[in-house]
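Scroll down for the structure; my scribbles are underneath it.
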Amino acid sequence: MGILIKDILAVLPGGVSRKCTLYIDGERIHSVDREPENFRADRIIDGDRKLMIPGLVNAHAHAYMTPFRNWADDLDFNTWLFKKIMPMEDALSSEDAYWGSMLACMEMIKGGVTCFLDMHMFPGCSARAALDLGLRAVISRGLSGGAEDPEGGLRRLREALEEIREFSGAPSLSFMLAPHAPYTCDEAYLCFVAEKARELGVGINTHLSESLSEIEDIKKKYGCSPVELYDRCGLLGRNTVAAHCVHLSPEDMDLLARRGVSVAVNHASNLKLANGIAPVTELQKRGINLCLGTDSAASNNSLSVLRELALVTLLHKGTSGDPMAVTAAQGFDMATANGARALGLQGKAGEIRPGFLADLAIFDLNQPGITPLGDPVSALAYSGAGLSAHTIIINGRIILENGEFTSIDPQRVYFEVEKTCARLGIS
Ligand SMILES: [Zn+2]
C-alpha cells in the first residue's frame, strides 16, 4: 500500500523539525519530499496542523498486568511484589492476560508507541495482542528458577522456546530471553539462560539493580553486585536490555558501558515504589545507550512513554542543579532511536528516514495544551505528557486513525478487563 502524508511538520533525524511530505511504500518510508517514480497513493493524509514523529518505543513493559492498575498502591517494593502482585498473578488465567495485554497495547498505541519490549508470564498473551492490534513488539517470557525450583525453571524456559517457535513467522514480532531478576534466578540458572540465548541468537531482557534490598541480598549471597553477577554469567552484551539500574556503583556503570548494555530507565515505577532514581547523567557520561520504559500499569500506573520523557528531562535538572542535565532532544532520542537500538532495530526504525520502517505517530496540534507549539521536541518533553495520538502507522499500516482503532473494538476489551477485575475482587 502507498501512503502519502502531505505537508506535515515532522521531527526528522538530528532533531530537525520542518514541514515535509512523506512517501510510504509497503512497510517502509520510501522518501522524504522526493516523489518516487510511478508512486500510487492508496491513502493521503493531510498534514495540516499535525505533528509527525518516529513512533515511540516502550523499552520495558509487562502488558498483561493492566488489570492491576490503581489497586496496590503506596506500598514498599517487597510488600507490593511478593504480598500483592505475585499472588494475584497466580490467580490470572491466560485469557485474562490476553485481554490485559490488549488493553496495554491500546494504551501504548494511543500514547504514540509503535514498538514495545514485553516481559510476561503467560505464553502468547502479548504476542497475540500485539498481532491483533498491529503493534510491533519484542516478546520475552519472564524466567525464574534455580536449585529451589528446578522443574519450574525448565518449564518456563520451555514455554519461552515454544512461544518463539509458534510466532517466529510474524514479521512484526521478535523475541528475547528474560531472566526475571537476580533475586528470582540463581547463578546456575542465569548461566544456563545466557547460554540458551547465545545458542538461539536472541537478546536478554531483565530487571537489574532495582532496589536496595536486591543489592544487599546479592552481596550477601554472592559477594558481588547484581551487575557483576550478571557479567560472570555471560548475560551482559550489546543485545541486553537491563531495566531500572537504579543502584549502581561507578564500577557497575563502567562494566555496563564496556559490555554495550542498553539501560531502560523506568522513572515513574522507581519513584512510586520508592526505589530511587537511576543515575541517568552518570550513565550518559559513559555513553551507555539509554532508553525509556514504563514498567507495568501495576507500578507506574500509566504506560505513557511521553510521561517518562517528561520525567527524564525534568528530574535530573532538579537533582543536579544543571538545566542541561537531560535536554529535551536527549530525552526524545531515548524515547525513539535509542529505544529502537535497544530492541534490535538500529538502522531500521526510530527515525524518519528513507528505507526505515514506516512506524510513525501523528498528533493533532489543535489542542490547547500544546498551543502555541514552539519547539516540537520541547513540546513533547515538557507539555506532551497527556497527548493522545491522532494517527498511528506501523509497518506501513494505519492502525489508529482519527484517534480510533482500525482493527478492534475497544469496548470489548474494556468489558473483558473489567470482568477479570470483578472476578479477582480488585475493582
Ligand atoms: Zn518490570
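For the range 314-427, the Cβ-based charge dipole about the Cα centre amounts to some 300 debye (Lys, Arg positive; Asp, Glu negative; other atoms uncharged).
Each peptide in 265-275, 400-410 was scored by the mean count of other Cβ atoms within 10 Å over its residues; highest first, the order is 265-275, 400-410. Summary of packing: across the peptides 368-377, 248-257, the per-residue average of other C-beta atoms within 10 Å ranks them, highest first, as 248-257, 368-377. First check a/c for the range 56-342, with a ≥ b ≥ c the square roots of the eigenvalues of its C-alpha gyration tensor; if it is under 1.5, answer rounded, and if not, answer prolate when a/b is larger than b/c or oblate otherwise. It is rounded, given that a/c, with a ≥ b ≥ c, falls under 1.5.
Taking the Cα centre of the range 222-331 as origin and charging only Cβ (+1 Lys, Arg; -1 Asp, Glu), how large is the dipole, in debye to the nearest 20?
Numbers: 9 positive and 9 negative charges, 40 e Å.
Value, rounded to 20: 200 debye.
Between amide H atoms placed 1.01 Å from N, distances below 5 Å from His120 occur with Ser140, Arg141, Gly142, all of them 5 or more places distant or on a separate chain.
Listed highest first by mean packing, meaning other Cβ atoms within 10 Å per residue, what order do 187-194, 55-62 come in? Could you put the intermediate results ahead of the total?
Numbers: 187-194: 20.2, 55-62: 30.8.
Result, highest mean first: 55-62, 187-194.
Pairs Lys272/Lys317; Lys50/Lys110; Lys110/Lys317; Lys220/Lys317: which are spaced more than 24 Å apart, C-alpha to C-alpha?
Violating the 24 Å Cα-Cα cut-off are Lys110/Lys317; Lys220/Lys317.
Here's the list of aspartates and glutamates a cross-link from Lys219 could span, going by alpha-carbon distance under 18 Å and ignoring same-chain residues fewer than 8 apart: Asp186, Glu187, Glu210, Glu228, Asp231, Glu251, Asp252. When only Cα pairs below 8 angstrom with a gap of at least 6 residues are kept, the range 141-278 shows a relative contact order of 20 percent. Close amide H partners of Leu12, meaning residues 5 or more places away or on another chain with modelled amide H under 5 Å apart, are Ser17, Arg18. Charges were assigned to the Cβ only: +1 to each Lys and Arg, -1 to each Asp and Glu. The resulting dipole of the chain about its Cα centre is roughly 660 debye.
Report, for the chain, the % of DSSP beta bridges that are antiparallel, rounded to 5. The partial results should precede the final answer.
Working: 27 of 63 bridges.
In the chain, DSSP labels about 45 percent of beta bridges as antiparallel.
For the chain, averaging the sequence separation of C-alpha pairs within contact (under 8 Å, six or more residues apart) and dividing by the residue count gives a relative contact order of 21 percent. To make sure I understand the rule: partners must be aspartates and glutamates, Cα under 13 Å from the Cα of Lys83, and not fewer than 8 residues away in the same chain. Which ones qualify? Filter leaves Asp73. Name the residues of the range 346-379 whose amide N is less than 13 Å from a point 7 angstrom out from the Cα of Asp42 along the C-beta direction? Answer for this model: none.
Can you list the GluC sites (Glu not before Pro) in the range 1-107 that are in a DSSP coil and have 11 or fewer other beta carbons within 10 angstrom? Answer by residue number: Glu37. Farthest toward the positive end of the dipole of the chain, out of Pro171, Val138, Ala298, is the Cα of Pro171, where the dipole comes from beta carbon charges about the Cα centre.
Would you compute, from DSSP H runs of 4+ residues alone, the mean residue ellipticity of the chain at 222 nm, taking -39500 (n - 2.57) per run and dividing by the full residue count, rounded to the nearest 500? The per-residue figure over the chain is -11000 deg cm²/dmol.
Values quoted throughout were computed directly from the atomic coordinates according to the rules given, and no laboratory measurement underlies them. Please read all numbers here as calculations on a predicted model, not as lab measurements. As a convention, Cβ positions derive from the backbone with ideal geometry for all residues, glycine included, and neighbour counts pool all protein chains shown.
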